[in-house]
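To start, the structure under review is shown below, and the notes come after it.
The values are calculated or read from the model by the stated rules, or taken from the named source; none is laboratory data. Fair warning: this is a prediction, and the values are worked out from it, not measured in the lab. With ideal geometry, Cβ positions are generated from the backbone for all residues, glycine too; neighbour counts draw on all protein chains shown.
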Amino acid sequence: MNARVWGILVDSFPKILIPGLTLTIPLTAISFVLALMIALVVALIQFAKIKVLKDIARFYIWIIRGTPLLVQLYVVFFGLPGVGIMIDPIPCAILVFAINEGAYSAEIVRAALEAVPKGQFEAGYCVGLSYFQTLRRIVIPQALRTAFPPLSNSLIAMVKDTSLVANITVAEMLMSTQRIIARTYEPLALYLEVGLIYLIFCTVLTKLQRIGEKRLGTYIEETK
Amino acid sequence: MLLSVEHLHKSFGSSLILSDISFSVDSGDCVAILGQSGTGKTTLLRCLNFLERADSGIYRFRDTLLDLEHVTRRQADAVRMHTGFVFQEFNLFLNKTVLQNVTEGLIVARRVPKDEARKTAMEALSRVGMTDKADAFPLSLSGGQKQRAAIARALALSPDVLFFDEPTSALDPALTGEVLSVMRTLAEGGMTMLVVTHELGFARDVSNHVLYMEQGRILEDADSHAFFTHPVTEGAAKFIDAAP
């Protein structure tokens with residue numbers, strides 16, 4: 001690699017990293033928090049077998065999992081203005097990512113809730129706890145520990161999926177990279193560079209996952 | 001009389017599990033519920049604490065009279081306020097320490113202040129010899145320790161009666177002794193207990209009252225000594241003889 005390419009790489013590093021810090025990370029963080037809230041509600045509705053709402057929950061998951069994320073972004077960003085609903089690109093991205101991820105995470109949380117032994121509920125009732133008290137104090141904490149690794153997976157996947165918002169005019173890392181490529185004609189070096197930045201982000205998340213698992217799982221760790 | 005059941009029936013789908021069960025328990029009784037596996041002993045015990053719903057029957061608990069066909073959640077909770085239940089599989093709250101397992105019901109359900117709950121819990125743990133494991137998590141305990149912690153959890157709520165559902169069946173034979181000796185101490189201290197068990201030695205030595213069941217019915221309802229020395233039915237005689 002010659003000095004020119006190095007120069008381009010060094011020069012472009014902050015130009016790619018800054019949209020990463022100002023767009024990719026906040027977009028992922030906000031969307032994921034919203035997605036978790038949706039997931040918990042949708043999972044609990046199914047877990048508690050609430051009539052009607054349960055069918056709505058299944059319908060939501062069916063639609064979202066059965067259609068591409070990119071199509072969902074296009075429907076909301078390019079489609080909805082046709083019926084008079086205009087949403088700015090970033091709120092639109094947050095909305096679509098939260099709804100999309102909510103459906104997948106709901107299944108993770110439901111599986112984790114169902115994995116908690118039924119005896120935990122019975123023991124709760126026998127010491128006088130109500131259904132919701134047992135759920136909140138005993139069952140959900142155990143389920144979250146089980147759900148944590150697959151949810152971390154989803155979070156890491158979402159960091160990279162945010163590159164799709166380039167398609168709805170948001171100049172995030174990938175779009176910024178493409179702009180530099182258009183100017184410099186160094187696609188290999190620059191695509192590798194943006195890939196490396198994604199890798200750094202995901203490495204940090206992987207480390208955080210380890211810490212989080214330890215925290216949530218003190219009751220399991222102690223026995224190892 | 002602390003509790004009584006009259007004409008309790010229970011079926012799962014088309015199979016009859018409990019048929020015309022009637023008996024009564026006095027305060028201070030230690031009742032052993034005996035019989036082969038699959039005769040409905042556990043289901044009977046679970047019906048008494050509303051972990052299963054009986055189809056019909058009359059349940060008298062202290063001063064309350066309940067028609068089992070129409071028990072409300074509130075009525076079930078009112079009975080549970082005065083009972084403790086010990087499970088075969090312990091069912092300790094896995095995300096809580098031993099001490100938190102014991103204080104949980106006191107603090108959350110009975111609204112006892114934390115300091116007082118802690119004190120009550122430590123007393124209960126000392127009765128089962130588990131004070132040194134107060135801060136341990138259940139997954140780090142042996143089976144016998146788990147079951148003793150579970151007994152402390154039930155005891156701390158000062159129940160009028162303790163239900164034991166095969167408390168030693170999931171334990172290594174070497175560990176059943178520590179649990180049985182705790183139960184013996186409780187019985188000797190006057191705790192009212194209903195114990196579904198396969199430990200005939202315990203039933204013979206500790207219980208004063210035996211219910212012997214076959215195929216969802218109580219075949220013998222007798223004084224413990226009388227049951228073991230002069231069983232009335234052939235089934236019970238065989239059952240006693242077959243025991244090691």
Of the listed residues (B:Val98, B:Val128, B:Val161), the one being in contact with a Lys or Arg (Cβ under 6 Å, 6 or more places away or on another chain), within 30 Å of B:Leu3 (Cα to Cα) and in contact (Cβ under 8 Å) with a residue 40 or more places away in the chain is B:Val128
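Residues checked against (1) within 14 Å of chain A (Cβ to nearest Cβ); (2) in contact (Cβ under 8 Å) with a residue 60 or more places away in the chain:
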position: B:Ser4; (1), (2): no, no
position: B:Leu8; (1), (2): no, yes
position: B:Phe23; (1), (2): no, yes
position: B:Arg46; (1), (2): yes, yes
position: B:Asn49; (1), (2): yes, yes
position: B:Tyr59; (1), (2): no, no
position: B:His70; (1), (2): no, no
position: B:Gln75; (1), (2): yes, no
So is A:Ala143 within 14 Å of chain B (Cβ to nearest Cβ), at pLDDT 95 or above, in contact with a Ser or Thr (Cβ under 9 Å, 6 or more places away or on another chain) and surrounded by 14 or more Cβ atoms within 10 Å (Cβ to Cβ) or not?
no
Output for the stretch B:147-161, where each listed residue is assigned to a helix (DSSP H, G or I) and within 12 Å of chain A (Cβ to nearest Cβ)
B:Ala149, B:Ala150, B:Ala152, B:Arg153, B:Ala154, B:Leu155
Please work out which residue is nearest to the other protein chains (Cβ to nearest Cβ), limiting yourself to the stretch A:173-224 and to residues that are aromatic (Phe, Trp, Tyr) and closer than 25 Å to A:Met158 by Cβ.
A:Phe201
From the list B:Asp67, B:Asp115, which residue is more than 17 Å from B:Leu3 (Cβ to Cβ), at pLDDT 95 or above and among the acidic types (Asp, Glu)?
B:Asp115
Among the listed residues B:Arg60, B:Arg46, B:Arg53, which satisfies the condition of being among the basic types (Lys, Arg), in a strand (DSSP E or B) and within 18 Å of the chain's Cα centre (by Cα)?
B:Arg60
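Consider B:Lys114 carefully, then state whether it is among the basic types (Lys, Arg), closer than 28 Å to A:Gly217 by Cβ and within 12 Å of chain A (Cβ to nearest Cβ). Steps first, please.
Working: among the basic types (Lys, Arg): yes; closer than 28 Å to A:Gly217 by Cβ: yes; within 12 Å of chain A (Cβ to nearest Cβ): no.
When the stated conditions are applied, B:Lys114 does not pass them.
Limited to the stretch B:130-140, what total is found for residues that are surrounded by fewer than 15 Cβ atoms within 10 Å (Cβ to Cβ) and away from chain A (no Cβ under 12 Å)?
Of all residues in the stretch B:130-140, those surrounded by fewer than 15 Cβ atoms within 10 Å (Cβ to Cβ) come to B:132, B:135.
From what is left, the residues that are away from chain A (no Cβ under 12 Å) are B:132.
Qualifying residue count, the stretch B:130-140: 1.
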All positions within the stretch B:85-109 that are farther than 19 Å from A:Pro141 by Cα, more than 7 Å from chain A (Cβ to nearest Cβ) and not in a loop (DSSP other than H, G, I, E, B)
B:Val86, B:Leu106
